[in-house]
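K.L.:
Mind having a look at this structure? Questions to follow.
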Amino acid sequence: MNATESKASAAWRPLALLLVLAASLLVIAFRLMPYGIRGVNFVPAGAMLLFAGARLRPRFLLPLALISLLATDLYFYQVKDWPFPFFNYIGYVLYAALGWGLLARTRNPFGIAGTALVGGTMFFLVTNFGVWIEHVVQPEMFAHQPYQYPPTFAGLMLCFEMALPFFQGTFASDLLFTGLLFGAYAVLAKAYFPAEYSAASEVRS
C-alpha cells in the first residue's frame, strides 16, 4: 500500500464503519427482544453513537449510526402504534457529539468509560424531561396510564424517579458495549489497519 492509499484508508476508516454496521444490527436485534429477555433499556445504542462520533470518518457517515434506531422506531410507530420518541433523538445526537468532542483523539479507557456515563446521564435527563413535557402538553394521552405527571417541579421529579429502572439498563449497556466497541477497535485496528489506528489519535479528519 502506497502513501496515498494509506491516507485514503485512514480517512475512511473502514474498520470503524464495519463496527458501526455490526453495532447497528445488534441495536435492531436488542430493540426487538422482549424486556424479559434483555432487560429494560439494555440496548447498545448509546455505545454505538459514542463510538461513531469518536471513530467513524468521514463525518457525513455519522447518520448511518441512526438508521437502525430510526428503522425500529418507525416499526414501533407503524405496527405497535407507539408514539414517536422525538426527545430520544436529541439524546442520540448528544451521544455522538460527546464521542466527537471528547473521545476522537483518545484511547484512555477511563476517559471512555466516564464519557459513557455522562452520555447515559444526559440521555436519561433529556428523554424523561420529554416524557414529562408530553404529559403536560397532552395529558389526555396518559389518562389510563398508572402514572400521570402534573405540570409542576414535583411532577418532573416524579417522572425522573419512575424512570430510574430504565436508567439502570442504560448505564449497564453503555458501559458494556462501549468497552466492547472501543476495545475491539483498538485490537483489530492495531493488528490489521495500522493507518486507521494511527489516525484515530491524530487531528480529526
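The values are calculated or read from the model by the stated rules, or taken from the named source; none is laboratory data. Bear in mind that the values here come from a model prediction, so they are computed numbers and not experimental data. Ideal geometry is used to build each Cβ from the backbone, glycine not excepted, and the neighbour counts take in all protein chains shown.
K.L.:
From the list Phe177, Phe193, Phe123, which residue is under 26 Å from Ala16 (Cβ atoms), in contact with a helix residue (DSSP H, G or I) (Cβ under 6 Å, 6 or more places away or on another chain), modelled with pLDDT under 95 and not β-branched (Val, Ile, Thr)? Even if it seems obvious, please write down each step before you answer.
P.N.:
Values: Phe177 fails: modelled with pLDDT under 95; Phe123 fails: modelled with pLDDT under 95.
Residue meeting the stated conditions: Phe193.
K.L.:
Suppose we keep only residues that are in contact (Cβ under 8 Å) with a residue 12 or more places away in the chain and closer than 25 Å to Tyr95 by Cβ within region 150-167. Which one would you say is farthest from the chain's Cα centre (by Cα)?
P.N.:
Only one residue tops the list, namely Leu156.
K.L.:
Counting just the residues of region 93-106 that are touching a helix residue (DSSP H, G or I) at 6+ places or on another chain (Cβ under 6 Å) and assigned to a loop (DSSP other than H, G, I, E, B), which one comes out surrounded by the fewest Cβ atoms within 10 Å (Cβ to Cβ)?
P.N.:
Filtering region 93-106 for residues touching a helix residue (DSSP H, G or I) at 6+ places or on another chain (Cβ under 6 Å) gives 94-96, 98-100, 102-104.
Remaining after also requiring assigned to a loop (DSSP other than H, G, I, E, B): 103-104.
Numbers: Leu103: 24, Ala104: 18.
Going through the qualifying residues, I end up with Ala104.
K.L.:
Considering (1) of a type in the set (Val, Ile, Thr); (2) farther than 21 Å from Phe166 by Cα; (3) in a helix (DSSP H, G or I), say which one Thr115 fails and leave the rest.
P.N.:
All conditions pass for Thr115, except number (2).
K.L.:
Among the residues of region 127-134, is any within 18 Å of Phe42 (Cα to Cα), among the charged types (D, E, K, R) and assigned to a helix (DSSP H, G or I)? Walk me through how you get there before you give the answer.
P.N.:
Just the residues of region 127-134 that are within 18 Å of Phe42 (Cα to Cα), to begin with: 127-128.
Imposing the further condition that a residue be among the charged types (D, E, K, R) reduces the set to none.
No: zero hits.
K.L.:
Related question: Can you tell me how many residues in region 169-204 are loosely packed, with under 15 Cβ neighbours inside 10 Å and either of a type in the set (Ser, Thr, Tyr) or within 30 Å of Pro146 (Cα to Cα) (or both)?
P.N.:
The number of residues fulfilling the criteria is 4.
K.L.:
Do we have Thr178 as over 26 Å from Pro63 (Cβ atoms), out of contact with any Lys or Arg (no Cβ under 6 Å at 6 or more places or on another chain) and not small (Gly, Ala, Ser) here?
P.N.:
Considered against the rule, which asks whether it is over 26 Å from Pro63 (Cβ atoms), out of contact with any Lys or Arg (no Cβ under 6 Å at 6 or more places or on another chain) and not small (Gly, Ala, Ser), Thr178 comes out as no.
K.L.:
For region 18-76, how many residues are part of a helix (DSSP H, G or I) and either at positive phi or buried (at least 18 other Cβ atoms within 10 Å of the Cβ) (or both)?
P.N.:
So the answer is 25.
K.L.:
Here is a list: Pro109, Pro63, Pro85, Pro58. Which entry is over 20 Å from Ile28 (Cβ atoms), modelled with pLDDT under 95 and of a type outside the set (D, E, K, R)? Talk me through it step by step, then tell me what you get.
P.N.:
Details: Pro109 fails: modelled with pLDDT under 95; Pro63 fails: over 20 Å from Ile28 (Cβ atoms); Pro85 fails: over 20 Å from Ile28 (Cβ atoms).
It is Pro58.
K.L.:
Which residue pairs have Cβ atoms under 8 Å apart, sit 6 or more places apart or on different chains, and have a first residue in region 32-61 that is in contact (Cβ under 8 Å) with a residue 60 or more places away in the chain and within 30 Å of Ala195 (Cβ to Cβ) and a second that is crowded, with 24+ Cβ neighbours inside 10 Å and charged (D, E, K, R)?
P.N.:
Gly46/Asp174; Ala47/Asp174; Leu50/Asp174; Arg55/Arg13; Arg57/Arg13
K.L.:
Residue by residue through region 77-92, note down the ones that are part of a helix (DSSP H, G or I), of a type outside the set (S, T, N, Q), touching a residue at least 12 places away in the same chain (Cβ under 8 Å) and surrounded by 13 or more Cβ atoms within 10 Å (Cβ to Cβ).
P.N.:
Of all residues in region 77-92, those part of a helix (DSSP H, G or I) come to 77-79, 86-92.
When the remaining residues are screened for being of a type outside the set (S, T, N, Q), the result is 77, 79, 86-87, 89-92.
Remaining after also requiring touching a residue at least 12 places away in the same chain (Cβ under 8 Å): 86-87, 89-92.
Listed by number, the residues that qualify are Phe87, Tyr89, Ile90, Gly91, Tyr92.
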